[in-house]
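Accompanying notes for the structure given below.
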Amino acid sequence: MADTLYLSLWYPNLRLESLADKLALVLGAFAAHGGEPRVYAVTVWPVDWSESPVLQRIYGYGELGADPKFVVDEALELLHEDYAYEFQIGWSLWELEAGGAVAAQSDNLIGRWVREPRLVRVTGYGPLFDEGAYEQDGHIRIDFGSDAPFLEEDAELDQVGARHIEENVRQLVELTAAAEKASGATARLLWSELGESLAQRLAARLGMRN
């Protein structure tokens, strides 16, 4: 069963004025680890998730996107303790192509596996947003979306599939480490919506083919 995967980052004694720098550094880590160098969109949420956004802006994908620092600085001009700042950025993983096997093969397409872009959400929390949600979710939270590319539990896993899953996991590990180091986080937690351990599920998944 697919789950939603998150990374939470915390910073000691973080001042709200410093959140912009942290967000720009986290977003900047994507380019070296399978992600886009430019931001697709930004949304600023007041008070909690039930409220209407006070800012929504779509810049575009790839080259049409905007520089992370520019987008962060623009969004955090609306700096409030009870606001959350959500940025969308592209990140590519190996995924099984829907609709059966494909005939074409290339460096980026092997059998049914293809590098597919997805939009990842990076959110910075003001300390009072949603009654202090940062304490549980992190000062910055990355929403990676479905964990299916790291497991593909519904597919028969052959040697090629196992290699691509391992590549996805390695990319995830390298990105989380880079985001933590670049932004100076002192604590991080990779977690799922259902509370299941990705590491344990992955070990069981890869072990099934032995």
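The values are calculated or read from the model by the stated rules, or taken from the named source; none is laboratory data. The structure presented is a predicted model; accordingly, all values stated were derived computationally and were not measured. Please note: Cβ atoms are built from the backbone with ideal geometry, for glycine as well, and neighbour counts cover all protein chains shown. Remember, those area values only see protein heavy atoms, side chains included, never the ligands or the DNA or RNA. Shrake-Rupley method; radii C 1.70, N 1.55, O 1.52, S 1.80 Å.
Percent relative contact order of the chain, based on C-alpha pairs within less than 8 angstrom and at least six residues apart? Could you put the intermediate results ahead of the total?
Details: 391 pairs, mean separation 65.2, N = 210.
Once normalised by length, the contact order is 31 percent.
What ³J(HN,Hα) values, in whole Hz, does the Karplus curve 6.51 cos²θ - 1.76 cosθ + 1.60 give for region 46-61 when θ = phi - 60°, with x put for Gly and Pro?
Values, residue by residue: x, 6, 7, 6, 7, 7, 6, x, 8, 8, 9, 8, 10, 9, x, 8 Hz.
Kindly identify region 1-67 as rounded, prolate or oblate by the Cα gyration tensor criterion: order the square roots of the eigenvalues as a ≥ b ≥ c, call it rounded if a/c is under 1.5, otherwise compare a/b with b/c, prolate if a/b is larger, else oblate.
Numbers: a/c = 1.24, a/b = 1.13, b/c = 1.10.
Since a/c stays below 1.5, the shape of region 1-67 is classed as rounded.
Let me cross-check Glu174: its accessible surface, 1.4 Å probe, with only protein heavy atoms counted, in Å² to the nearest 10?
90 Å²
Just name one of Ser197, Ser183, Ala148: the one whose Cα is farthest towards the positive end of the charge dipole of region 109-210 (beta-carbon charges, Lys/Arg +1, Asp/Glu -1).
Ser183
Roughly how big is the chain's charge dipole about its Cα centre, with Cβ charges of +1 (Lys, Arg) and -1 (Asp, Glu), in debye to the nearest 20? Present the calculation step by step, with values, prior to reporting the outcome.
Values: 17 positive and 35 negative charges, 131 e Å.
My answer is approximately 620 debye.
Take the chain, drop everything but the C-alpha atoms, weight them equally and run the Debye formula without solvent; then report log10 I(q)/I(0) at 0.17 Å⁻¹ to two decimals.
Values returned for q = 0.17 Å⁻¹ are -1.16.
Taking the Cβ of Val173 as the center, what net charge do the other residues with Cβ under 14 Å away carry, scoring Lys and Arg +1 and Asp and Glu -1? Provide the component values of the computation, followed by the final result.
Numbers: positive: Arg170, Lys181, Arg188; negative: Asp147, Glu166, Glu167, Glu174, Glu180.
Cβ neighbours under 14 Å give a net charge of -2.
Place a +1 charge on the Cβ of each Lys and Arg in region 151-210 and a -1 charge on the Cβ of each Asp and Glu, then give the dipole magnitude about the Cα centre in debye, rounded to the nearest 20. Spell out each step's value before the answer.
On the way: 7 positive and 11 negative charges, 66 e Å.
The calculated dipole for region 151-210 is roughly 320 debye.
Taking θ as phi - 60°, what are the ³J(HN,Hα) couplings along region 35-41 by the Karplus curve (6.51, -1.76, 1.60), each to the nearest whole Hz, with x for Gly and Pro?
Result, rounded to whole Hz: x, 7, x, 10, 8, 7, 7.
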